[in-house]
Structures are given as structure tokens and as C-alpha cells.
Amino acid sequence: MNAASKVRDTSAARPAFPFSALVGQARLQQALLLAAIDPGLGGVLVTGPRGTAKSTAARALAELLPEGQLVTLPLGASEDRLIGTLDIESALRDGAVRFSPGLLAKAHRGMLYVDEINLLPDALVDALLDAAASGVNTVERDGISHSHAASFVLIGTMNPEEGELRPQLIDRFGLMVELENCFDPTVRQQIVKARLGFDLDPQAFCAAYAEQQAAHVQRIRAARAALPALGFDDAVHVHVSALCIAAAVDGLRADLVMLRAARALAALEQAAAVTTGHVDQVAEGVLQHRRHSREPAQQADSPAAPRPDHPHDASAAPPASSAAATGDRQWGYLPPEPVGTTQVKGVIPLTAKKR
């Protein structure tokens, strides 16, 4: 056994923190399980401050996947390392496409984990979101293309204090869970005790949760098998449309994701059909990063709303003294003042022109 093998064996000897041992993360656990059941959801974006177990939860999910492995995308990865490369010279010379797989091919049937996804270049984020949604990775170079299956569970984590993702990229994630700092003393103590127990003896700690972990694995397998048989009736479609319209979302991605997430939840619960109750349980994770406020639009369209900033509506602008008295500052507004006119020599007034 060489040194590299010894290093791999040593790293593999330390297990990941058990998914079943997570404390106070019910919403996150549900979202991760739904993504594991239906990778076509588009993955889960987990946001929150430092120390809220974002990475711990993501790595814990990988231990439950029936097949595949955990693949981590490092911050400094290039596009070629992510999607793979084509040997153009070989294709031109021999007429055969030689493809060197990237991390997307390695993550097939497993999980792709991206920590600090908000710090990645937009092009990389766009590429991995495309593959996560379609289940296929296509590499094109100089008119030559190669495609391969890339069905994986995408989990991205980020700390909003370090920068945001563009709205167009956030919308591509199927579900979003926003974690917050815990200020409940009882819950904090449970979290700390669990972590200390794991760090003290990882093997013994995981053994205590082995039965629950096995049950999660079996539930994921059964849910994946039941997923294709579940459909949606008109009541479910009407409810989804109403929720998305009320949230003023852009496009129809929210509707599609909400339906798929509700179906995955029904499959996880081994329900006979998808119900509006399942929709309600997943709606917040679908709408949280897509919701728009409709109040500004309603105010702008209201005929009764005053528009003091409109250049042609001087009657709607209150006097400066009134604005100052009420504290309603009209930034940029100047009261009208009389301006004198000056006669310019050589210019004949219109009234003096001969017809």
C-alpha cells in the first residue's frame, strides 16, 4: 500500500456527522431529503451565518445516498475541471472524440457540494446549475460536442455577509433554506453536547444512530421508487398557481419546482397521492428566494396616489414649508419661482409677423 492509499484510508476512517443527529434543523433536513429523492429539483441553497452547521448537514446527507459519492467543488476550480475537456487534436486527426471527465461526471448518481458558492465565478455556477436541472452535461469545443449523464444532488452553501448571488442564479436553485443563529439555551446545549460527543468518539457516536441512518436510507430508496407513480390533480395545480401568483414570482419555474417538491414529499411519506397539504409544507422553501413584493406596483398604478416628483404635476407637490413641517422631505424638489423674460434683438415676435 502506497502513501496516497494510506492517506485515503485514514480520511475514510473518520465518518461524517450523522444526518439523524442534527438538532434543530427540521426544515433543512426536509429540503435535503427532497433533493435526494428528486435531484431534478435543482438542488438546495443553504444560507446562514458562520457556525450554523451548513457544511455539516450537507456532508451528512451524502452518507444517506444509496449510490454515488460526495464530490466537492473547490473555489479555485476551472471550467474544464468542472465540465471536463475534449481532445480537439485527436478528434481532427482520428475522427474520434476523446473526453476527459470532470467533476460533474464524477458526481453522477452522487452529490456535488459547493461551499461558498457565492464566491464562484458566475460562469461556473451557471454550468453546474444547468447540469443539475437537466441531468446532462454537454461539452462543446470548436464545433465538437460530447454529452454524458450528470444526475446529482446539488447542495450549495453560502454566508450572505460575504456577498450575494445574482438573482438570476439564485432563482435556478430549486429550494432555499435560510439558517439563523440559535438563541434558545436548551437547543444550543443539545447541539454542543452532540458535537462534543461526536468529536470525542466518532465511531461510537455514529453507532448510536446507525438504526436511524439505515431507516433514512431505506426511506430515500422507497421514495425514489414511488415517485413516478404520483400525479397531480386539479386542486393541487390550482393551489400551486395561487401561491405563486400571490408571491408575484417571475416565470413558471416556481410552479414546476413546487409541484416536484410536493411530489417528493408525498413519496417520502409514502402517501397515496399528492395533496395541497404537501404543497403547503414545501411552499416556503420554493418561494423564499423568488418572492417579490407587489406593493410598489400597486401604489404606482393607483390614481389616488400623489406623485410629487412628477415634473408635470406641480399641483401634487406640497409647499416646501409644509414638507419641512411634516418631516416628509421631497428630495430634489424646488418650489416654482417667477422668472423674468428678456427681449432678444433681431427676433420678431410671432404676433408681429405678417400673414
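Checked against (1) part of a helix (DSSP H, G or I); (2) more than 20 Å from the chain's Cα centre (by Cα); (3) closer than 29 Å to Ser20 by Cα; (4) small (Gly, Ala, Ser), Ser241 passes all but condition (3). For Leu196, the criteria (1) at pLDDT below 95; (2) farther than 28 Å from Gly110 by Cα hold in every case but one, which is (1). Being under 14 Å from the mean Cα position of the chain (by Cα), surrounded by 14 or more Cβ atoms within 10 Å (Cβ to Cβ) and in contact (Cβ under 8 Å) with a residue 60 or more places away in the chain is a property that holds for Leu129. When the test is whether a residue is surrounded by fewer than 17 Cβ atoms within 10 Å (Cβ to Cβ), within 30 Å of Phe99 (Cβ to Cβ) and modelled with pLDDT under 95, Gly163 does not pass it.
In the range 184-206, is there at least one residue being loosely packed, with under 12 Cβ neighbours inside 10 Å, under 30 Å from the mean Cα position of the chain (by Cα) and assigned to a loop (DSSP other than H, G, I, E, B)? Looking for residues that are loosely packed, with under 12 Cβ neighbours inside 10 Å, under 30 Å from the mean Cα position of the chain (by Cα) and assigned to a loop (DSSP other than H, G, I, E, B), one finds at least one in the range 184-206, hence yes. Answer yes or no: is there a residue in the range 86-96 that is closer than 29 Å to Met258 by Cβ and of a type in the set (Asp, Glu). Checked against the condition, which is being closer than 29 Å to Met258 by Cβ and of a type in the set (Asp, Glu), the range 86-96 yields no hits at all.
Out of Glu116, Glu67, one residue alone is surrounded by fewer than 14 Cβ atoms within 10 Å (Cβ to Cβ) and either touching a Leu at 6+ places or on another chain (Cβ under 7 Å) or touching a residue at least 40 places away in the same chain (Cβ under 8 Å) (or both). It is Glu67. Among the candidates Pro160, Pro74, Pro167, the residue that is in contact (Cβ under 8 Å) with a residue 12 or more places away in the chain and not aliphatic (A, V, I, L, M) is uniquely Pro160. One residue stands out in the range 238-265 among those that are in contact (Cβ under 8 Å) with a residue 40 or more places away in the chain and touching a His at 6+ places or on another chain (Cβ under 6 Å): the one that is surrounded by the fewest Cβ atoms within 10 Å (Cβ to Cβ), namely Ala248.
The values are calculated or read from the model by the stated rules, or taken from the named source; none is laboratory data. Please read these numbers as outputs of a predicted model, since none were measured by experiment. Cβ: placed from backbone, ideal geometry, glycine included. Neighbour counts: every protein chain shown.
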